[in-house]
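The values are calculated or read from the model by the stated rules, or taken from the named source; none is laboratory data. Please read these numbers as outputs of a predicted model, since none were measured by experiment. Backbone-built Cβ (ideal geometry, glycine too); neighbour counts: all protein chains shown. What goes into the accessible areas is simple: the full protein's heavy atoms, side chains included, and nothing from ligands, DNA or RNA. Shrake-Rupley method; radii C 1.70, N 1.55, O 1.52, S 1.80 Å.
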Amino acid sequence: MKVEIEKAAALLEEGNVVAIPTETVYGLAANAFDEDAVRKIFEIKGRPLFNPLIVHIKSIDFLEHLVNNIPPKALQLAQHFWPGSLTLILPKKEIVPNIITAEKDTVAVRVPNHPVTLALLDILDFPLAAPSANPFGTISPTEAKHVIDYFKDTIPMVLDGGICQNGIESTIVGFEFDEPVLYRLGSITVEEIEKIVGRLSIKNKKEVAPDAPGMLERHYAPKTKTFLETDVNAFIQKHPDKKIGVLLFNQRTENHDLIHQEILSENGNYKEAALNLYAAMHRLDKLGLDLIVAERFPDIDLGKSINDRLERATKN
Ligand code: AMP
Ligand code: MG
């Protein structure tokens, strides 16, 4: 692994884009202080320039190089959850290029919890700007092979760190008058955050935060037309002549044998379901089906974050 990490470091130092593993999803990374390198990320992903990137740092100590005025509750959250799947939005220092923040005066930062990427960050003398390693709007990658399928002809290296152990993106928290506001549901639950800093206001929908990026209604989407339903069996019965793929929480449907089924967690464990979500979507999307139908999760714990991704995946 050491050789691969050193090769990735050399490529990044020369201004290239390299795919890196994190505990959430794979990222398309570049030197955060090199505007030209960061611009390549947007080009490769087909990401609009108004959609800012997350900056990945090696430890909480690096935070002060990038941001000003850290609210006390931000510090508490960083101390509690880093390294981990919580991204904080804070007032940026000049050193952070505007292309990363889509001209905003705030920057998104986190310390990822993946040994390979932490080792990589440790030998670099710059942080890594990285969005998810998928073409804009498509299903996020949770294995190196997903990234290779998307980008084998356009990036020089995918640093393989195995399967991402959380499987959905980080939770994003910003601050309004020093109080925490949730902008994106993710791997860390609302309940976990509220245990540390008390009540969290939630503004993850366009209606409540029209200017916040990354809340695009259609996102994380398979190519196959996808639906989100509480009663999956009723949906299947309504479409007798279609080849359907089914994405279920914990129980198979007995509906009929020809249906392709993905069970996200047989034990009904939300963490396991989140970890399997995108890989199951990738598999179903490759089967040449007419339709995919996903089961709506209970609206608690990581079920909330999974429903958020499924809602965006099924928007037209
Ligand atoms: P991705 O890396 O693909 O998960 O996308 C990163 C997301 O981080 C963006 O889509 C935004 O929602 C969010 N983000 C990054 N920077 C900011 C910022 N300064 N203010 C608000 N949201 C941000
Ligand atoms: Mg993304």
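Quick rundown of the values:
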item	result
Residue in region 103-149 that is farthest from ligand 1 (Cβ to nearest atom), counting only those that are open to solvent by less than 10 Å² (accessible area, probe 1.4 Å) and assigned to a strand (DSSP E or B)	128
Extreme residue, nearest to residue 187 (Cα to Cα), among residues of region 69-88 that are among the polar types (S, T, N, Q) and crowded, with 20+ Cβ neighbours inside 10 Å	85
Scan of region 216-240 for residues that are away from ligand 1 (no atom under 16 Å from the Cβ), touching a Phe, Trp or Tyr at 6+ places or on another chain (Cβ under 9 Å) and not acidic (Asp, Glu), ordered by number	227, 235
All strands (runs of 3 or more DSSP E) inside region 225-316 with 1 or more residues being acidic (Asp, Glu)	226-229, 260-263, 291-295
Hits in region 1-22 - residues which are in a loop (DSSP other than H, G, I, E, B) and farther than 17 Å from residue 148 by Cα	1, 14, 15
Yes/no for residue 91 being touching a residue at least 40 places away in the same chain (Cβ under 8 Å) and either open to solvent by less than 40 Å² (accessible area, probe 1.4 Å) or of a type outside the set (Asp, Glu) (or both)	no
Residue match in region 196-205 (condition: among the β-branched types (Val, Ile, Thr), open to solvent by 30 Å² or more (accessible area, probe 1.4 Å), within 30 Å of residue 105 (Cβ to Cβ) and modelled with pLDDT under 90)	no
Every residue from region 170-182 that is touching a helix residue (DSSP H, G or I) at 6+ places or on another chain (Cβ under 8 Å) and either assigned to a strand (DSSP E or B) or crowded, with 16+ Cβ neighbours inside 10 Å (or both)	171, 173, 175, 179, 180, 182
Any hit, region 184-194, residues being in contact with a strand residue (DSSP E or B) (Cβ under 8 Å, 6 or more places away or on another chain), at negative phi and open to solvent by 40 Å² or more (accessible area, probe 1.4 Å)	yes
Any hit, region 136-148, residues being away from ligand 2 (no atom under 13 Å from the Cβ), more than 14 Å from the chain's Cα centre (by Cα) and either free of Cβ contacts under 8 Å to residues at least 12 places away in the same chain or farther than 24 Å from residue 37 by Cβ (or both)	yes
Of all residues in region 24-36 being buried (at least 22 other Cβ atoms within 10 Å of the Cβ) and not in a strand (DSSP E or B), the one that is farthest from the chain's Cα centre (by Cα)	32
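Here is a yes/no grid of residues against (1) without any contact (Cβ under 8 Å) to a residue 12 or more places away in the chain; (2) open to solvent by 10 Å² or more (accessible area, probe 1.4 Å); (3) more than 16 Å from ligand 2 (Cβ to nearest atom):
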| residue | (1), (2), (3) |
| --- | --- |
| 4 | no, yes, yes |
| 14 | yes, yes, yes |
| 21 | no, no, no |
| 39 | no, yes, yes |
| 53 | no, no, no |
